[in-house]
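Taking it in order: structure first as structure tokens, then the write-up.
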Amino acid sequence: MRNEKGFTLIELIIVIAVTAVLSVIGIAAFVSYSRTQALNAATQDVVTMLQVAKSRAQSQVIPENHLCGTSRFAGYQVVIPLPITQGVYRLEAVFEGSCTKEIGNQNKKLPQNISFDANSSTSIKFSVLTGEASVLGNIKINGYSKTKRITVSSSGLIRISD
């Protein structure tokens, strides 16, 4: 009888197979987690811009060098320009008489594979001083077979839901 130390070929194959299965499960879970985080981050970026618009409207921050003449400042709005599927959104100052001023570095784009739903609101405006929204706003963000909904109430309350 031989007294050799070591592993047999079958034992090594089983260990490699189990390691491979565990690795595949781990990679799949990581990909799913990464996609969920990308959607959450994109949603949070849109909410942050909405909060900036509301905050600036409440504090009456008027942008410099606006070309709206003597038009009275009316607030700020977040605009999702058409076609809505491009995933672009921006912050604008609003003046009476339909005059708007795009805020320089406040243009954003959703990450790849994440987009606004076609039924989303295209503009949500916050009024001066009160921060109230001019209309009830609903923005849906789709990505990786998941959807996040941002709701803005007429009082200016911003909520995120699945």
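If you check 51, 86, 77, which single one turns out to be out of contact with any helix residue (DSSP H, G or I) (no Cβ under 8 Å at 6 or more places or on another chain) and within 23 Å of residue 157 (Cα to Cα)?
51
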Q.
Any residue in region 122-138 that is touching a residue at least 60 places away in the same chain (Cβ under 8 Å) sitting within a Cβ distance under 9 Å of a residue that is among the acidic types (Asp, Glu) and part of a loop (DSSP other than H, G, I, E, B)? List the pairs, counting only those 6 or more apart or interchain.
A. 126/132
Q | residue 9 being surrounded by fewer than 10 Cβ atoms within 10 Å (Cβ to Cβ) and in contact with a Cys (Cβ under 8 Å, 6 or more places away or on another chain) | A | no
Q | Among the candidates 70, 122, 147, 130, residue that is within 16 Å of residue 39 (Cβ to Cβ) and either at pLDDT 90 or above or out of contact with any helix residue (DSSP H, G or I) (no Cβ under 6 Å at 6 or more places or on another chain) (or both) | A | 147
(Q) Quick check on my filter: what residues within region 92-105 are within 21 Å of residue 134 (Cα to Cα) and not small (Gly, Ala, Ser)? (A) 92, 94, 95, 96, 99, 100, 101, 102, 103
Q: Test each condition in (1) exposed (fewer than 13 other Cβ atoms within 10 Å of the Cβ); (2) in a strand (DSSP E or B); (3) modelled with pLDDT under 90 for residue 159 and report the one that comes out false.
A: (3)
Q: Scan region 85-103 and give yes if some residue there is under 13 Å from residue 39 (Cβ atoms) and modelled with pLDDT of 85 or more, otherwise no.
A: yes
Q: Any residue in region 89-117 that's closer than 17 Å to residue 69 by Cβ: show its pairings with residues that are among the aliphatic types (A, V, I, L, M) at Cβ separation under 6 Å, as long as the two are six or more apart or on different chains.
A: 92/79; 94/74; 95/74; 96/74; 100/94; 101/93
Q: Find all pairs meeting these conditions: Cβ atoms under 7 angstrom apart; at least six residues apart or on different chains; first residue within region 34-49 and closer than 12 Å to residue 108 by Cβ; second residue among the hydroxyl-bearing types (Ser, Thr, Tyr).
A: 46/89; 49/89
(Q) Taking the conditions exactly as written (closer than 16 Å to residue 123 by Cβ and small (Gly, Ala, Ser)), does residue 75 satisfy them or not? (A) yes
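The values are calculated or read from the model by the stated rules, or taken from the named source; none is laboratory data. Note that the coordinates shown come from a computational prediction; the quantities given were computed from them, not determined experimentally. Ideal geometry is used to build each Cβ from the backbone, glycine not excepted, and the neighbour counts take in all protein chains shown.
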